[in-house]
Amino acid sequence: MHLKKRILVTGGAGFLGSHLCDRLIAAGHDVICVDNCFTGTKHNVYHLMDDPHFEFMRHDITFPLYLEMDEIYNLACPASPIHYQHDPVQTTKTCVHGSINMLGLAKRTRAKILQASTSEVYGDPEMHPQREDYWGHVNPIGTRSCYDEGKRCAETLFMDYHRQHGVRIKVARIFNTYGPRMHPNDGRVVSNFIVQALRGEEITIYGDGSQTRSFCYVDDMIEAFLRLMGTGPEFTGPVNLGNPHEFTIRELAERIVAMTGSRSKIVHKPLPHDDPRQRKPDIALARERLGWEPRVPFEEGLIRTVAYFEEFLRAL
Ligand code: NAD
Ligand code: UDP
Ligand code: UDP
């Protein structure tokens with residue numbers, strides 16, 4: 001039997017959050033999307049506004065929020081370096097005060113709560129690929145620290161609310177994800193390269209392009225969130241979610257140029273501070289506990305993402 005739930009998505013007007021709202025509404029749930037619209041926008045959820053089961057609420061989660069909920073997906077937090085470094089104190093507040101408020105809400109209403117953590121908790125990893133039992137290699141005082149340490153502290157809070165108060169928690173360590181509704185100007189590599197290629201601008205590789213990443217298509221990631229939320233109380237995570245298919249940033253640039261038929265030239269710019277050399281998830285735990293692995297091939301995901309940005313740039 002289908003059980004209709006009241007579900008809160010914080011950061012629901014952002015890239016991942018808006019896709020999650022789509023899936024939850026399609027599954028017949030009541031969804032409240034809470035967002036302060038710092039990096040997200042109502043445009044991402046306009047198509048849901050007329051649905052009687054969907055509600056948008058402009059609110060900053062660093063302030064308390066009293067609602068009655070069955071499940072909470074805590075995604076609120078700027079995710080790209082440009083945005084999270086814009087107001088680093090607010091970034092840490094969102095991770096820490098925001099998590100405390102959402103955990104307080106979960107504790108009071110006995111809701112299940114999922115935290116969108118990140119591969120950044122591993123910092124610039126000395127273990128490759130990264131498994132969940134690796135403690136990380138993180139700079140506590142650098143320009144990325146507001147995000148990395150904020151997310152690490154959030155994980156601590158989730159584990160302590162679970163141990164101390166019995167809150168039902170799920171912690172997802174999300175690796176690089178891409179797809180439609182990525183912010184066009186947030187500096188992330190997939191959106192940057194696609195927008196540059198479509199506009200015929202120079203493609204900016206930072207450093208020599210030999211650093212590696214692995215990219216997961218958004219639909220695969222949302223499927224993993226739903227499966228993780230659906231696991232029994234004995235499983236809290238943290239669990240890595242991402243695509244283990246790894247390639248260099250140079251290869252990425254070349255594939256995007258080839259796919260878009262762009263005449264853009266590839267240029268090199270300085271590598272940002274603390275930029276991880278390699279990143280690739282070990283997803284054995286997700287395979288075992290969630291029966292999940294990414295399904296959308298990179299070419300396919302890229303075609304859909306390029307189509308989104310073509311439309312987006314046309315509408316400007
Ligand atoms: P995003 O910036 O598109 O979405 C984040 C949303 O949170 C935005 O809509 C923003 O306006 C909102 N927000 C920020 N601070 C808030 C606050 N204090 N109160 C209420 N709303 C607030 O980013 P995204 O890529 O969709 O990321 C979603 C979550 O997943 C983030 O927590 C991020 O750290 C995590 N994550 C994403 C990736 C990725 O590759 N996209 C990787 C690792 C982790
Ligand atoms: N909180 C909230 N919504 C709720 C319940 C709590 O925003 O429905 C906030 C509340 O402001 C508090 C925080 O969550 O500061 C942590 O709650 P908890 O119950 O853990 O702590 P306490 O209220 O005892 O400080
Ligand atoms: N990058 C790049 N050119 C760009 C944007 C990013 O070469 O225009 C590089 C960046 O230095 C990093 C990788 O691409 O090595 C991924 O960057 P992103 O900001 O997307 O994600 P993260 O560093 O958080 O994995």
Residues that are open to solvent by 80 Å² or more (accessible area, probe 1.4 Å), over 19 Å from E246 (Cβ atoms) and away from ligand 3 (no atom under 13 Å from the Cβ), drawn from the range 262-316: R263, K265, E288, R289, I303, R304, E310, E311, R314, A315, L316
- prompt: Which number in (1) open to solvent by 50 Å² or more (accessible area, probe 1.4 Å); (2) without any contact (Cβ under 8 Å) to a residue 60 or more places away in the chain marks the one condition that Y134 misses?
  reply: (1)
- line: Counted residues in the range 122-131 being open to solvent by 60 Å² or more (accessible area, probe 1.4 Å) and either of a type in the set (S, T, Y) or in contact with a Lys or Arg (Cβ under 7 Å, 6 or more places away or on another chain) (or both) come to 1
task: Kindly provide the set of residues from the range 203-235 that are part of a loop (DSSP other than H, G, I, E, B) and either touching a residue at least 60 places away in the same chain (Cβ under 8 Å) or more than 25 Å from F158 (Cβ to Cβ) (or both), ordered by number.
output: G207, D208, G209, S210, Q211, F215, T231, P233, F235
task: Pick out the one residue from R199, R144, R163, R168 that is open to solvent by 20 Å² or more (accessible area, probe 1.4 Å) and either at pLDDT below 95 or within 15 Å of ligand 1 (Cβ to nearest atom) (or both).
output: R144
task: Just need a number here: residues in the range 26-58 that are farther than 18 Å from L16 by Cα and open to solvent by less than 40 Å² (accessible area, probe 1.4 Å).
output: 1
message: It is to be established whether one or more residues within the range 104-125 are within 16 Å of ligand 3 (Cβ to nearest atom), of a type in the set (V, I, T) and touching a residue at least 40 places away in the same chain (Cβ under 8 Å).
response: yes
field: Selected residue (criterion: farthest from ligand 3 (Cβ to nearest atom)) from residues of the range 59-72 that are in contact with a strand residue (DSSP E or B) (Cβ under 6 Å, 6 or more places away or on another chain) and open to solvent by less than 20 Å² (accessible area, probe 1.4 Å)
entry: M69
- prompt: Got a number for residues in the range 230-252 being more than 12 Å from ligand 3 (Cβ to nearest atom), hydrophobic (A, V, I, L, M, F, W, C) and surrounded by 19 or more Cβ atoms within 10 Å (Cβ to Cβ)?
  reply: 2
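The values are calculated or read from the model by the stated rules, or taken from the named source; none is laboratory data. Just so it is clear, the structure is predicted and the values come from calculations on it, not from any experiment. Positions of Cβ are backbone-derived with ideal geometry, glycine not excepted, and every protein chain shown enters the neighbour counts. Side chains are part of the model used for accessible areas, which takes the heavy atoms of the whole protein and leaves out ligands, DNA and RNA. Shrake-Rupley method; radii C 1.70, N 1.55, O 1.52, S 1.80 Å.
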